[in-house]
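Report on one structure; see the data block that follows.
The values are calculated or read from the model by the stated rules, or taken from the named source; none is laboratory data. Note that this is a predicted model, so its numbers are computed, not measured. Every residue, glycine among them, receives a Cβ derived from its backbone with ideal geometry; neighbour counts consider all protein chains shown. Each accessible area value is taken on the protein alone, full model and side chains, heavy atoms only, with ligands, DNA and RNA left out. Shrake-Rupley method; radii C 1.70, N 1.55, O 1.52, S 1.80 Å.
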Amino acid sequence: MDRLTIHSPAKLNLVLDVLGKRPDGYHELRTIFERISLSDQIILTRNKTNKIIIHCTHPHVPKGPGNLVYKAAMMLAQDFSISEGLNIDIIKNIPVAAGLAGGSSNAAAVLSGLNRLWQIGLSQSQLVKYAARLGSDVAFFLYNTSYALGTGRGELIKPLHVKTKLWHVLVTPRVKMHTREVFTRLKLNLTNKRDNVNILLPFLRKGKIGRLAGALSNDLEPAILSLRPDFIYLKNKLLDAGAAGVCFSGSGPSVFALIESQKHALSLRAKFDRRYTQVFVVSTL
Ligand code: C5P
């Protein structure tokens, strides 16, 4: 096998509770991840050099060591003494630095893809350890599950056996938000902390869209809005247009709406397409 093509989907966070700051500088999280149908494609091809070469037409995707896919491939090449070259082609559909974990998903695809292409034979739990070294959001993508609970930095994953399929309109303003900066702006208020995961989960399991919509939450929202106060209008416009509920994903700026049906989602997208260039109708994968 000389070539492998892998789908690399995005995620949303239906809940993102920040529980506190840790001694290592990260924040302790409790989150529900949802895998969605918006997806990049990663093509891994052996080459005859001894270099890792990244191809991607997107101008904001790093082509060298600044890209998590490069780091993922280097870690495996070094640890398993693999000297052969590799082309990594990234077909980018997921907006970059947008709270959708596109880069993390690409890195997970490269870890599991190279495990096969280079016949390394790592177990799932070994791959998860590599993922955690690359970033907090990488591990989720190694689990073949629609939904998962994420704890710790977000890297401790428990798949959730939930069959509900959701429809969303996803709007990503053309602004890059850096996760580190958003977390830095967060003012932690630990009194009266609600367990938003356990409030939302029963509604998700039963597919109760109205109740689920009311339970979406993201503790990073005040920090995101402190950087871009105008994004509150985007949330309100989606609600005014008939979305059941609206929430930021991760550290933003992507905003997703929960919509009752695909038909309704398509008509809502048509309204937002005129003002925002990155509007997607997506569903649970
Ligand atoms: O883990 P990752 O490299 O994706 O995180 C990027 C930055 O986001 C971290 O350096 C940290 O500042 C912040 N972060 C955090 N707590 C988390 C995840 C990320 O403070 N649980």
> With the chain treated as a Gaussian network of Cα nodes joined by springs under 10 Å, which of 207, 66, 113 yields the largest mean-square fluctuation?
Replying inline: 66
> Under a Cβ-Cβ cut-off of 13 Å, what is the net charge of the residues other than residue 59 that fall near it, where Lys and Arg count +1 and Asp and Glu count -1?
Replying inline: +4
>> Compute, for the chain, the length of the dipole vector about the Cα centre, with Cβ point charges of +1 (Lys, Arg) and -1 (Asp, Glu) only. Units Debye, rounded to 20.
In response: 380
> By the scheme Lys and Arg +1, Asp and Glu -1, what is the net charge of all other residues having a beta-carbon under 13 Å from that of residue 88?
Replying inline: +4
> How far is helix 196-206 tilted, in degrees, relative to the longest principal axis of the Cα atoms in the chain, given as a value from 0 to 90 rounded to the nearest 10?
Replying inline: 90
> If amide H atoms are built 1.01 Å from N in the plane of the peptide, which residues on other chains or at least 5 residues away come under 5 Å of the amide H of residue 94?
Replying inline: 40
>> Run through region 32-76 and list the trypsin sites (Lys or Arg not before Pro) located in a DSSP loop whose Cβ has at most 15 other Cβ atoms within 10 Å.
In response: 48, 51, 63
> What angle, in degrees between 0 and 90 and rounded to the nearest 10, separates the Cα long axis of helix 124-134 from the longest principal axis of the Cα atoms of the chain?
Replying inline: 80
> Residues of region 163-285: accessible area per residue at 1.4 Å, in Å²?
Replying inline: 53
> Out of residues 5 or more away from residue 251 or on other chains, whose amide H comes under 5 Å of its own, with H placed 1.01 Å from N in the peptide plane?
Replying inline: 99
>> Could you tell me how far the Cα centroid of region 127-161 sits from the Cα centroid of region 181-244, in Å?
In response: 21
>> On C-alpha positions alone, give me the angle between the axis of helix 102-117 and the longest principal axis of the chain, in degrees, nearest 10.
In response: 30
> Normalised by the number of residues in region 61-218, what is the relative contact order in percent for Cα pairs under 8 Å and 6+ residues apart?
Replying inline: 18
> Which is the longest part of the chain that has none of the GluC sites (Glu not before Pro) sitting in a DSSP loop with at most 16 other Cβ atoms within 10 Å?
Replying inline: 85-259
>> Please give me, ordered by residue number, the trypsin sites (Lys or Arg not before Pro) of region 197-285 that lie in loop per DSSP and have at most 16 other Cβ atoms within 10 Å.
In response: 208, 274, 275
> With θ set to phi - 60° and the Karplus curve 6.51 cos²θ - 1.76 cosθ + 1.60, what are the ³J(HN,Hα) couplings of region 263-280 in order, to the nearest whole Hz, using x for Gly and Pro?
Replying inline: 4, 5, 4, 5, 6, 5, 4, 4, 5, 8, 4, 5, 9, 10, 7, 10, 10, 10
> What is the sum of charges around residue 269, taking Lys and Arg as +1, Asp and Glu as -1, for the other residues whose C-beta is under 12 Å from the C-beta of residue 269?
Replying inline: +3
> To the nearest 500 deg cm²/dmol, what mean residue ellipticity at 222 nm is calculated for the chain from DSSP H runs of n ≥ 4 alone, each contributing -39,500 (n - 2.57), summed and divided by the residues?
Replying inline: -9500 deg cm²/dmol
>> Give the separation of the Cα centroids, region 17-67 to region 69-106, in Å.
In response: 7
> Round to a whole number: what % of the accessible area of the chain belongs to carbon and sulfur, probe 1.4 Å?
Replying inline: 51
>> Once you keep just the Cα pairs under 8 angstrom separated by 6 or more residues, what percentage relative contact order results for the chain?
In response: 23
